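Okay, structure first, notes after.
The values are calculated or read from the model by the stated rules, or taken from the named source; none is laboratory data. Computed from a predicted model, the values in this text were never measured in an experiment. We place every Cβ from the backbone using ideal geometry, glycine too, and count neighbours over all the protein chains shown. Areas reflect the complete protein model, heavy atoms only, side chains present, ligands, DNA and RNA absent. Shrake-Rupley method; radii C 1.70, N 1.55, O 1.52, S 1.80 Å.
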Amino acid sequence: MPTANERAAHPRLSTLLRHLLPSSPRTSPATATSADSLQASPTMAASSASVFAAVPQGPEDPILGVTVAFKKDPSPVKVNLGVGAYRTEEGKPLVLNVVKRAEALLLQNQSRIKEYLPITGLADFNKLSAKLIFGADSPAIQENRVATVQCLSGTGSLRVGGEFLARHYHERTIYIPNPTWGNHPKIFTLAGLTVRTYRYYDPATRGLDFQGLLEDLSSAPSGAIILLHACAHNPTGVDPTVDQWEQIRQLMRSKALLPFFDSAYQGFASGSLDKDAQSVRMFVADGGELLMAQSYAKNMGLYGERVGALSIVCGSADVAVKVESQLKLVIRPMYSNPPLHGASIVATILSDRGMFDEWTKELKGMADRIISMRQQLFDALKTRGTPGDWSHIIKQIGMFTFTGLNSDQVAFMRQEFHIYMTSDGRISMAGLSSRTVPHLADAIDAAVTKLK
Amino acid sequence: MAMSRAAAAIRQRRRGPLLPASRSVASLFGHVEPAAKDPILGVTEAFLADPSPEKVNVGVGAYRDDNGKPVVLECVREAERRIAGSTNMEYLPMGGSAKMIDESLKLAYGEDSEFIKDKRIAAVQTLSGTGACRLFADFQKRFLPDSQIYIPTPTWANHHNIWRDAQVPQRTFGYYYPDTKGLDFAGLMNDIKNAPDGSFFLLHACAHNPTGVDPSEEQWREISHQFKLKNHFPFFDMAYQGFASGDPERDAKAIRIFLEDGHQIGCAQSYAKNMGLYGQRAGCLSILCDDEMQAVAVKSQLQQIARPMYSNPPLHGALIVSTILGDPALKTLWLKEVKGMADRIIGMRKALKENLEKLSSPLSWEHITNQIGMFCYSGMTPEQVDRLTKEFHIYMTRNGRISMAGVTTGNVAYLANAIHEVTKPN
């Protein structure tokens, strides 16, 4: 056998040997000898087993798994109500016209460069995003009390906010609604927070368990962080009323609970940007502090560009400056600075009156189509006399409806009707069209009458 | 919101007294300390604030043309023209663009790499080089929680931040030898030998940042050999492939040596400099595994780390990279442009050295042309750097690192003169 020296001098020989000798688990680092010449032997092949040999396969993502299964299905009547991305009446993804226009403008501008953004992101984008969610006349903005940093869509904003809190806030527990978006608990756990839940959805009414919510927030320790969906709760579509929000706000302020808003659907829920921001603005108006994670994935259709912002409304301008400086320390070792393209598109649109108006029209168009799908589905079930109260379909808001179907019924609908949804009975209304509503209604009708 | 006075009054009563807008609320974050400024980015901030017409920025590591202007490569502009209006902006998979990953692996591992054919490489698209390093560090922490990372002295400052935030303990290994302004090869080999078997090492594949000092090919072979004896894990950070020598294949030589020697490497790739895609955040993390099944498992776990961090990586930069590398004509254009950038920098190194020699500087400036890549470790002290800034409005990091990309035919003489002034013996 050649010595290690010889092998090093003849790389081809080394490569050949690797193919001839059986590969075997690398001897554990503790027992490997550090002799100066490597004794080649069958149990120590040139390619020892990887240090990562024991890494297990990760679990399939339940939501994406639905789309995988859908794609495999050859049925011509299949419908994908799994993932939460908007689809047109023709079932196609949509790039907003105003986004195309903005991109064209950016492309035409030859003086545009691709330099690193600051760690905190595109400054104009940050200012405009804060104005969008808090209102242009928000006193918090006027008083420079808002620290805003561009982040990687909603996920990135939540993660950076969570990491900041884990490092600098005195309470390490965050309460998230039950149920909530599947990624929330993972984000906050990895950020270093302890995750607990508060009651939110009432299966009996398919609406808000308001009493349970108030009780759970009341018994949370003072100072605890509370995750709130600003509008269009994912996955249930169930939102508190304005009055209920006011009660939540008073309770939270009285217990010094820290609000962390997740706003992924501003404008997408009701069709009105201001209306969908109402819950957030109520909290800002009382002068208190809060965190806000904003996403442009759905309301501007910028999904893959990963555009979002984290804002922290602070008690004073001084604190906001210090907070921003600490946010940078979270971001720099994570990805250094955020991506340029999506934020430039957003800033272009938000800073131009004409484009802004065009956007609000297209946004309302998407929201209206979804609201119309809700109505059509409700009517179709009513026409069929499907047993049960289906009014929650039109009471719930946003992209998702929590149908109330159980996992057996969901499986039945997949098998017999080729309808794909997550096993919790959540359907993405954006995946429906006038053409497919009757098929879905038939499926629900059959599932509910055949299985309990 | 428009509201009647009555409604406003009701709202006021329900809410309780509004806090006066002018008085600050006792903040929950009042105790937060202001963070220290990033040393590298702080330099550019100071430069921008300087009104002097003579100011020179040789601080941050972004390429500039001979007029001192940032550059968007022609191949990138063409790629963007093709991309505009052509996609639907849907989410990429958690692991990113398959096409971009394929092209990236070919670049790093070789077009005909058997590892690619055998599907043994677990790879995901990342937020440039930073994101690739961070993902690896988090992965290392999760699956080898008792491991640590050996980082060269010196290194890009953010390396320390990345592994610290991933909670992986750090050690350093010798690298730069101030006396020669070159490689401390003996120290480096010593540290490799003395590290516990199976240690993780961070290696700069080419164009070491901040020193510009790279091992020779022969030295890389010795390092690889020693790694084999010690069973060490080599993690390559390759942020300058193509940008160092002008030839991407040549700049990947260290990696190819290690692969030939049978190491199962990890590799972080960045397109920030070599494609000028800085702000697009385009990069790739790859880990060479035993076999396809293991690569699938490792990739799935990398995705599990990405999901709660940013869900899936940004689209635009990935489209640019895959458009360019996937089209032979565009790729040829890119290779030409990246060589152009590397050549300009090599030319500026020569010019700076010659200017200093012309000024009869008694010191040796050989290291300027011996070093490679974007940075030159000048050997100047922090005090000398401060003088450069105060007296000559020349901005660089206080470790004496000069970003050669900021040197132009227009400012090289001025720069040489200033360096001479602050370094000449009295």
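Applying the condition of being open to solvent by 10 Å² or more (accessible area, probe 1.4 Å) and in a loop (DSSP other than H, G, I, E, B) to the range B:272-294 and asking which residue is farthest from the other protein chains (Cβ to nearest Cβ) yields B:273. Only one entry of B:198, B:262, B:246 meets the criterion of being under 20 Å from residue B:402 (Cα atoms), touching a residue at least 12 places away in the same chain (Cβ under 8 Å), among the small types (Gly, Ala, Ser) and outside any strand (DSSP E or B), and that entry is B:246.
Please work out which residue is surrounded by the fewest Cβ atoms within 10 Å (Cβ to Cβ), limiting yourself to the range B:202-218 and to residues that are more than 14 Å from chain A (Cβ to nearest Cβ) and polar (S, T, N, Q). Per the criteria, the residue is B:216. Of the residues making up the range B:159-201, those that are under 25 Å from residue A:191 (Cα atoms), open to solvent by less than 30 Å² (accessible area, probe 1.4 Å) and among the polar types (S, T, N, Q) number 0.
Restricting the range A:131-169 to residues that are hydroxyl-bearing (Ser, Thr, Tyr) and buried (at least 24 other Cβ atoms within 10 Å of the Cβ) leaves a set whose member that is farthest from residue A:304 (Cα to Cα) is A:148.
Please verify whether residue A:185 is over 23 Å from the mean Cα position of the chain (by Cα) and within 14 Å of another protein chain (Cβ to nearest Cβ), treating the condition exactly as stated. In short, no. Taken as a whole, the condition of being surrounded by fewer than 22 Cβ atoms within 10 Å (Cβ to Cβ), part of a helix (DSSP H, G or I) and either under 22 Å from the mean Cα position of the chain (by Cα) or at pLDDT below 95 (or both) does not apply to residue B:221.
Residue count for the range B:362-372 under the criterion of being over 20 Å from the mean Cα position of the chain (by Cα) and either closer than 16 Å to residue B:244 by Cβ or surrounded by 19 or more Cβ atoms within 10 Å (Cβ to Cβ) (or both): the result is 5.
Taking residues in the range B:404-417 that are closer than 21 Å to residue B:360 by Cβ, and partners anywhere that are part of a helix (DSSP H, G or I) and among the aromatic types (Phe, Trp, Tyr), the pairs with Cβ atoms closer than 8 Å and at least 6 places apart or on different chains are B:414/B:392. Taking the conditions (1) β-branched (Val, Ile, Thr); (2) more than 23 Å from the chain's Cα centre (by Cα); (3) away from chain B (no Cβ under 14 Å); (4) open to solvent by less than 10 Å² (accessible area, probe 1.4 Å) in turn, residue A:248 satisfies each one other than (3).
Scanning the range A:68-114 for residues that are open to solvent by 30 Å² or more (accessible area, probe 1.4 Å), out of contact with any helix residue (DSSP H, G or I) (no Cβ under 6 Å at 6 or more places or on another chain) and of a type in the set (S, T, N, Q) yields a total of 5. Residues in the range B:72-100 that are β-branched (Val, Ile, Thr), at pLDDT 95 or above and either assigned to a loop (DSSP other than H, G, I, E, B) or over 23 Å from residue B:403 (Cβ atoms) (or both): B:72 alone. Of the residues making up the range A:285-304, just one is assigned to a helix (DSSP H, G or I) and either open to solvent by 10 Å² or more (accessible area, probe 1.4 Å) or basic (Lys, Arg) (or both), namely A:285. Just one of the numbered conditions (1) more than 9 Å from every other protein chain (Cβ to nearest Cβ); (2) within 22 Å of residue A:304 (Cα to Cα) is not true of residue A:192: (2). Among the candidates A:128, A:217, A:165, A:158, the residue that is under 23 Å from residue A:248 (Cα atoms), away from chain B (no Cβ under 13 Å) and in a helix (DSSP H, G or I) is uniquely A:217. Screening the candidates B:342, B:297 for the property of being part of a helix (DSSP H, G or I), out of contact with any helix residue (DSSP H, G or I) (no Cβ under 8 Å at 6 or more places or on another chain), open to solvent by less than 30 Å² (accessible area, probe 1.4 Å) and away from every other protein chain (no Cβ under 14 Å) yields one hit, B:342.
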